[in-house]
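This report concerns only the one structure given below.
The values are calculated or read from the model by the stated rules, or taken from the named source; none is laboratory data. Everything numeric here is computed off the predicted structure, so don't read it as measured data. No Cβ is skipped: glycine too gets one built from the backbone with ideal geometry, and neighbour counts run over all protein chains shown. Accessible surface is based on the protein model in full, side chains and every heavy atom, while ligands, DNA and RNA are left aside. Shrake-Rupley method; radii C 1.70, N 1.55, O 1.52, S 1.80 Å.
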Amino acid sequence: MSDLSLSGGQELVLGATPGATDLATAPARPALVEIFTSGINSALHRFPKVRCQEAAAVVTAELAERWRPNWGGVKTVRLTFPEGIEFLPPPVKRVTGPGQEKPQALAGPQPPPEMPPRKPTRVKPPPDALSLEDRLFYLLQPPLETWLKGQELIMPFEPFHYQYEGIAWLFSQKGALLADEMGLGKTMQTITAMRLLLRSGQVGRILLVCPKPLIPNWLREFKSWAEELPVVTIEGDGARRQMLWTMPGTVILLANYELMVRDMESFGEQPPQFDLVVLDEAQRIKNRDSRTAATARGIPRKRSWALTGTPIENRPEELASLYEFMEVVPPRATPDLRQLTRLAKQYILRRTKDLVMTDLPPRLDRDAILDLAPAQRSAYETAERDGVVRLNDMGDAISIQHVFELVLRLKQITNYDPLTGESSKLERLEADMEEIAACGGKAILFSQWTGCIDWLVARLARFNPLVYHGKIPTHKREPVLAQFKQDPNVHLLLMSYATGAVGLNLQFAGYVFLFDRWWNPAVEDQAINRAHRIGQKSPVIVTRFISKDTIEERIDRVLQEKRELFALVLGEGEATNQSLSMNASEIFGLFDLKARHGKGTRQIGPAPAEQAPAA
Amino acid sequence: MGSSGKQEAFRLGFLTALEIPEKGYVGGLLVTNQQGRPLEFQCTLPVKPNSTQEILYGPTLAGFILGELIGVALFEKAGVKPHLVLTDCEPILELREHIAAPVAFVAPDAGRPAPAALPAPDSVLALDANGGLPQLKVAPAANGQPGQLDEAGGSVPSSAPAEQPQGVEVRLGRQIIRLHRAHVEDGGTVQAGARHVPGDADLSEPFERVRSALYEALRIGAAK
């Protein structure tokens with residue numbers, strides 16, 4: 001310590017640590033008298049009195065032999081990824097050259113070299129994933145393009161960018177409604193997302209439910225997009241199905257809706273459990289009180305996906321049933337329009353062809369307004385006149401079924417006159433088909449009636465037509481589609497709306513004929529999109545046959561209004577409670593039905609506000 | 001695939017770190033199989049030196065914290081040990097002096113935006129300044145230093161200028177990686193493992209995943 005201070009101007013005190021010597025006790029110097037040059041008497045020069053004074057240290061000093069930085073342990077957080085399911089390794093073919101043989105992976109999704117590099121598609125954690133582990137699981141997955149690009153998963157061809165986005169979205173969603181417009185590849189996106197979930201150990205057991213006619217289609221798509229995935233179809237007698245449902249080690253079970261309902265009910269309180277349940281054509285559960293909807297909701301599962309190109313067929317409220325299946329609303333919840341829209345943003349992914357498929361050939365719609373043939377006209381007018389008279393006579397006893405019967409009868413006559421076989425539609429169809437066949441083209445024709453289809457087959461024999469409707473046994477349907485695709489002499493496929501409108505890939509057909517009109521524009525669109533979908537190379541020409549001055553014109557007018565409303569609801573979210581298929585009021589409105597009322601008449605039929613859908 | 005590793009012929013560890021103002025350094029190690037599929041991820045809580053440590057360690061501080069503290073902790077605690085540790089943060093190369101596995105530096109891909117240009121997750125930027133992290137932005141890491149964050153969004157110079165060690169260079173996937181200069185023997189190990197890695201594998205990409213995960217962990221940690 002060297003604290004030096006003056007005390008009273010006379011005394012210099014040296015602060016010292018305790019024990020220091022007092023300088024004042026040191027021997028005094030000999031007295032010298034000097035004359036300073038300044039003239040000051042040196043006798044006046046005096047030594048200050050100096051002494052040491054103890055003072056407490058401000059900081060306690062510590063002595064240590066050494067100092068080591070103590071960093072403590074570094075704390076870490078660890079996430080181990082679940083073990084995925086191992087499948088057969090990608091097939092490798094051997095390319096033998098002169099003196100060498102090297103393995104070569106089969107073609108993965110390699111983008112054409114001229115394509116500019118695009119932003120990789122990353123899996124994002126869903127908003128409802130809250131834990132750090134869940135969120136990191138998704139964030140740390142490689143970009144989908146890397147994941148799929150021939151390194152581990154062989155793909156038949158490169159998915160489109162919007163499909164990558166759809167796959168990434170599905171991968172991360174526990175509840176999801178993939179509502180892409182028909183033809184945009186919902187099947188492929190679903191299969192690939194399933195594949196990634198299986199590979200990453202997120203799911204181990206999947207149930208896929210679809211309409212019965214689509215089972216061969218799904219099997220074919222699985223083989224094409226994920227041939228390593230084992231798929232078991234639920235079929236056979238009851239005992240066999242029980243065995244299939246509960247067989248251990250099954251990865252993907254494929255069932256139709258009818259068997260799902262029947263078999264799940266037989267399981268009672270202990271149904272088989274799944275990590276993921278996928279409902280294809282999920283509009284089948286739009287009625288939440290139906291057995292199908294209740295059964296689907298009752299299957300124990302961790303993830304729930306719904307697939308449909310028409311999430312709203314009739315009313316926006318139909319979404320509530322789908323949401324309930326997806327477990328994003330409580331049971332029996334009745335979300336209002338605002339809530340439905342909010343939920344849609346999180347749980348529905350819908351893209352339209354216009355938005356994503358700028359390179360898809362256009363769909364050219366044309367209405368063929370045809371005059372009825374003379375005998376047809378006569379038969380039609382007689383039937384309508386008699387039918388309306390009969391309905392009017394029934395007065396208030398009239399029901400929707402009575403009107404419906406008349407509508408169907410008249411529609412059948414516009415197809416052909418059963419007595420004479422005259423048909424202006426057939427004449428036009430034959431003319432068009434001559435041209436199509438001459439060019440080697442292929443066409444699909446849809447009708448509401450199997451009887452009409454069978455009637456057409458005999459008259460269009462020169463085009464080698466094939467038939468695909470509900471009366472064709474399931475095991476014979478695939479060969480029909482295969483022959484239609486492969487046989488150059490077959491130019492026409494006759495299909496019923498009920499069987500052929502959904503799920504089939506017929507993009508090699510460039511022409512679609514709607515021989516008669518369905519009640520719902522969404523179903524007609526589904527039918528058309530069998531041909532107008534990914535893979536279609538040329539424009540698809542859609543011909544709608546409409547008989548002039550008949551009930552078909554009136555139906556067409558109503559459907560057109562419905563179509564506009566449909567676009568409004570899904571496009572802008574400004575839904576109304578209007579039914580999109582024809583309701584009872586609208587079907588009554590097809591005729592000018594009046595009952596006698598006193599001396600005059602009054603209109604018959606339900607009030608316009610009634611919304612019960614007719615179809 | 002977890003730790004059993006039926007197809008894990010060559011496991012890669014992607015180790016990188018961030019420096020966060022006021023909080024210190026965080027590191028993350030993503031262990032993948034040779035195809036880039038994640039097997040395990042581990043990250044540290046922030047490690048912050050005090051002023052004495054800053055003075056005493058001087059310019060060696062970053063290398064010490066990143067290589068010896070964070071790197072060693074992440075490697076030693078890993079349940080699935082990588083056969084090769086890759087880093088895009090040059091000070092972490094010093095980890096090689098403390099572990100038996102090879103460590104290599106992956107220079108930022110010229111064709112890839114530097115980490116500074118990568119958009120930080122919205123969730124991080126949206127954090128309430130009072131509730132946790134301030135608005136953050138990553139400073140360039142092109143010099144091989146840890147990505148740094150500053151409130152103003154400006155570039156913060158690294159605390160330790162990178163020296164330019166020269167080590168063995170090996171092609172792995174699309175990149176050329178540089179091994180620790182004192183361990184030339186690692187070249188043989190890496191070359192033997194490199195045959196399992198696809199030739200078009202992008203070894204810079206997994207670091208983006210690690211950074212995203214670190215941001216997410218920080219965001220959630222700050223929110224708690």
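Some values worked out for this structure:
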read-out: Between the stretch B:202-222 and the stretch A:153-181, the alpha-carbon center distance in angstrom; value: 24
read-out: Approximate spin-label separation residue A:354-residue A:262, in nm, with each point projected 7 Å along Cα-to-Cβ; value: 4.3
read-out: Potential lengthening between residue A:375 and residue A:537 on full extension [0.36 nm per residue; Cα-Cα distance subtracted]; value: 54.2 nm
read-out: Surface per residue (accessible, 1.4 Å probe) for the stretch A:269-327, Å²; value: 33
read-out: Backbone HN-Hα couplings from phi across the stretch A:49-54 [Karplus 6.51/-1.76/1.60, Hz, Gly and Pro as x]; value: 7, 10, 8, 8, 10, 6
read-out: Environment charge of residue B:98, counting only residues whose C-beta is closer than 11 Å and scoring Lys/Arg +1, Asp/Glu -1; value: -3
read-out: Whole-Hz couplings from phi, Karplus 6.51/-1.76/1.60, listed for the stretch A:465-482; x for Gly and Pro; value: x, 10, 10, 9, 8, x, 7, 7, x, 4, 5, 9, 6, 4, x, 5, 5, 5
read-out: Per-residue mean of C-beta atoms belonging to partner chains within 10 Å, peptide A:122-131; value: 1
read-out: Charge sum, other residues only, whose C-beta stays under 14 Å from residue A:508's C-beta, Lys/Arg counted +1 and Asp/Glu -1; value: +4
read-out: Distance (nanometres) between label positions extended 7 Å along Cα→Cβ at residue A:367 and residue A:219; value: 4.3
read-out: Shielding score for B:179-187, defined as the mean number of other chain Cβ atoms within 10 Å; value: 0
read-out: Local electrostatic count at residue A:479 - Lys and Arg +1, Asp and Glu -1, tallied over other residues with Cβ under 15 Å; value: +2
read-out: Cβ-Cβ FRET estimate between residue A:459 and residue A:561, R0 fixed at 45 Å, reported to 0.05; value: 0.85
read-out: FRET efficiency estimate (nearest 0.05) - Cβ-Cβ, residue A:157 to residue A:553, R0 56 angstrom; value: 0.80
read-out: Extension gain, residue A:431 back to residue A:394 (0.36 nm per residue minus Cα-Cα distance, nm); value: 9.0 nm
read-out: Rounded Å value of the spacing that divides the Cα centres of the stretch A:432-499 and the stretch B:4-80; value: 65
read-out: Probe 1.4 Å - accessible area at residue A:134, Å² to nearest ten; value: 70
read-out: Inter-chain shielding of B:205-217 (mean C-beta neighbours from other protein chains, 10 Å cut-off); value: 4
read-out: Whole-Hz ³J(HN,Hα) from phi, Karplus 6.51 cos²θ - 1.76 cosθ + 1.60, for the stretch B:168-174, glycine and proline x; value: 5, 10, 9, 7, 9, x, 8
read-out: List B:11, A:315, ordered by accessible area with a 1.4 Å probe, largest first; value: A:315, B:11
read-out: Size of the A/B contact, given as accessible area buried on both chains, probe 1.4 Å, in Å²; value: 3400
read-out: Accessible carbon and sulfur surface of the stretch A:451-501 relative to its total accessible area, %, 1.4 Å; value: 55
